[in-house]
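First comes the structure, then the notes that go with it.
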Amino acid sequence: MTFLRGDMLEHALAATGRSIPPENSVHGLENLPQHILDDLNAIHEKCVSSLYAFAYLYHVSDAPFGDVKHYLDQRGWLRDVD
């Protein structure tokens, strides 16, 4: 089940300006394609929410929940999430 739907999906679409890749279409987090990184940065900047960035990355990758959380925490994006 995806986290990226409803308002979150609409905000992600507006932030990236393009369609969202299919669920689990990216394998792992080690070598994310540039377009995924670009989308992730746009979503984080334009939506001003780590939750939206988390939902996007969790949707497009097959990485486990904890790995996605750790990836975003390393970027310093989870400081505003309790």
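A short reminder: the numbers here are calculations on the coordinates, not readings from a lab. Please read these numbers as outputs of a predicted model, since none were measured by experiment. As a convention, Cβ positions derive from the backbone with ideal geometry for all residues, glycine included, and neighbour counts pool all protein chains shown.
Summary value for the stretch 15-62: 58 percent relative contact order, contacts being C-alpha pairs under 8 angstrom separated by 6+ residues. A Cβ-based charge dipole, computed about the Cα centre of the stretch 15-82 with Lys and Arg at +1 and Asp and Glu at -1, lands at about 160 debye.
Please state the relative contact order of the chain as a whole percent: Cα pairs under 8 Å, 6+ residues apart?
On the way: 86 pairs, mean separation 29.6, N = 82.
Relative contact order of the chain: 36 percent.
Highest mean packing first, where packing is the average number of other Cβ atoms within 10 Å per residue, the peptides 19-27, 50-58, 64-72 line up as 50-58, 64-72, 19-27.
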